[in-house]
Amino acid sequence: MFKQDTIERFKGIETPFYYYNMDVLRQTLDACRDASSQYGFHVHYAMKANFNTKVIDAVQAYGFGADCVSGNEVKAAIEHGFDKSKVVFAGVGKSDKEINLALDADIFCFNVESIQELEIINGLAKAKNKVAGIAIRINPNVDAHTHHFITTGLDENKFGINTWQLNDVVDMLRKCTNLKFLGIHFHIGSQITDMEVYKNLCTRINEMQDWFENHGFAIKILNTGGGLGVDYHNPDGNTIPDFESYFKVFKKFLNVKPGQEVHFELGRALVAQSASLISRVLYVKIGQKKNFLILDAGMTELIRPMLYQAYHVIENLSQKSKVKSQKLESSDENKSEIEHPTSEMKYDVVGPICESTDCFRKDVDLPESFRGDLIAVRTAGAYGEVMASHYNLRDMVQSVYSA
Ligand code: LLP
């Protein structure tokens, strides 16, 4: 729920923009830190979810590590003060240039996704006379039961090394004298809300660590990846995920041996609820079959609905605020009028981009809306601003912050 003075502030700002509620961000980070630290678990922030400077500074201040998927993310993590001993570099296609940059930065670990990559990192490390810490990303063939576009842990996905290749992995590791084997890494998908999925993952991790140990490779790090989902349907838009239940599953089902560390790579769950995309209605088209609200934000600002059919709560802040101010001024005589102050309409809420898919959602129930109304698309802090583009040569979306 936006406070009235926040909505008043929005009125003076050019749209579209992302509005970051830094209190919600800090409350989320508090909750994650409290829940993970009780078990001694290590959390790395998956920077790909949002690398907005203020967001990563806030995350860094909590002492979390950084999970990076490009050389530029590694660079940004170091520049923003993340401890290099807590920086991990993952990704299925690391270029030589990116590997060299990470070697020069002396990061903690590369999460390696193919046998060929092991060979390449070993060679590049040798040329620098360095030893690179590595973890093997295993594709565990565990179904994340999430949208198929964001599932990563099945045999058919490009990510990780399949279990039938593990004999070749250990053969290669024995040859690679400039690699230090630290442990095993998994990531089975994103927006996972069913804790049973994580229980199944734990079973696979336990099997895999036994396999490595039986082949003479001690495991220091068990990296379970990320993927904890958030509530995109809550009308209030900023519920903090249930970190307690999430970490409890790993505490209960993961076989953690003395001296081992358990690592997590959370992105969405840490940042999604802290931001909304704020835009204005440019035009209202009332049709015979459909009504359209045409916003000044579209797939160039937030592509999730168009790319994954993702659901986000959509609110008309201007009409809501009118309702509120009428209520405040109300006396008993006009109460019934105030309870039904505006008529509800159905709109397809669309953007200005020249693509038919540029639609946030069809048939959205909203109060009757007008040109200039402020529209909020909620829970947009993860994979929102970072996936914005210049398509149609539009300006890049701006950001605004609470105190
Ligand atoms: N670790 C690895 C290896 C990953 O690939 C990802 C996300 C994460 C951690 C963090 O996952 P999270 O905790 O945020 O679920 N753009 C999509 C999501 C793509 C996720 C990519 N990998 C979306 O908007 O839903």
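How do the peptides 103-110, 178-185, 248-255 rank, highest first, by the average count of neighbouring beta carbon atoms within 10 Å per residue? Intermediate results must be reported in sequence, preceding the final value.
Values: 103-110: 19.6, 178-185: 21.8, 248-255: 16.0.
The peptides rank, most packed first, as 178-185, 103-110, 248-255.
Please give the net charge around HIS312, taking every other residue with its beta carbon less than 11 angstrom from that of HIS312, where Lys and Arg add +1 and Asp and Glu add -1.
+2
Fully extended, how many nm does the chain gain between CYS354 and GLN288 (0.36 nm per residue separation, minus their Cα-Cα distance)?
Stretched fully, the CYS354-GLN288 segment lengthens by 21.5 nm.
What FRET efficiency comes out for the pair VAL170/ASN72, r = Cβ-Cβ distance, R0 = 45 Å, nearest 0.05?
0.90
Taking amide hydrogens as modeled 1.01 Å from N in the peptide plane, which residues meet the under 5 Å criterion relative to ALA46, leaving out close sequence neighbours?
Here ASP67, LEU266, GLY267 satisfy the definition.
Report the full-extension gain for the segment GLU207 to LYS180: residue separation times 0.36 nm, less the Cα-Cα distance, to one decimal in nm.
My answer for the length gained is 7.6 nm.
Calculate one ³J(HN,Hα) per residue across region 198-204 by plugging θ = phi - 60° into the Karplus curve 6.51 cos²θ - 1.76 cosθ + 1.60, and present them in order as whole Hz with x for glycine and proline.
6, 4, 4, 4, 4, 4, 5
Just grab the label-to-label distance for ASP30 and LEU393, each label 7 Å out from Cα along the Cβ direction, in nm (one decimal).
In this crude spin-label approximation the distance works out to 4.8 nm.
Working out 0.36 nm times the residue gap between ALA218 and SER402, then minus their Cα-Cα distance, what length gain in nm do you get to one decimal? Write down the numbers at each step before the final one.
On the way: separation 184, 0.36 × 184 = 66.24 nm, distance 4.68 nm.
Taking ALA218 through SER402 to full extension adds about 61.6 nm, to one decimal.
Checking the table LYS128/LYS220; LYS97/LYS158; LYS86/LYS158; LYS128/LYS199; LYS3/LYS86; LYS75/LYS220 against a 29 Å threshold on Cα-Cα, which pairs fail?
LYS128/LYS199; LYS3/LYS86
Counting each pair of different Cα atoms once, what's the Kirkwood radius of the chain in Å, rounded to one decimal?
Details: mean 1/r = 0.0438 Å⁻¹.
22.8 Å is the Kirkwood radius here.
At MET22 and SER37, where each label point lies 7 Å from the Cα along Cα→Cβ, what is the point-to-point distance in nanometres?
Between MET22 and SER37, the simple spin-label model gives 2.1 nm.
Below 8 Å between Cα atoms, with a sequence gap of 6+, how large is the relative contact order for the chain in percent?
20 percent.
Read-outs throughout are calculated quantities, based only on the coordinates presented, and are distinct from any laboratory measurement. Keep in mind that this is a model prediction, so the values were computed, not measured. Because the Cβ atoms are built from the backbone with ideal geometry, glycine has one as well, and the counts that use them run over all protein chains shown.
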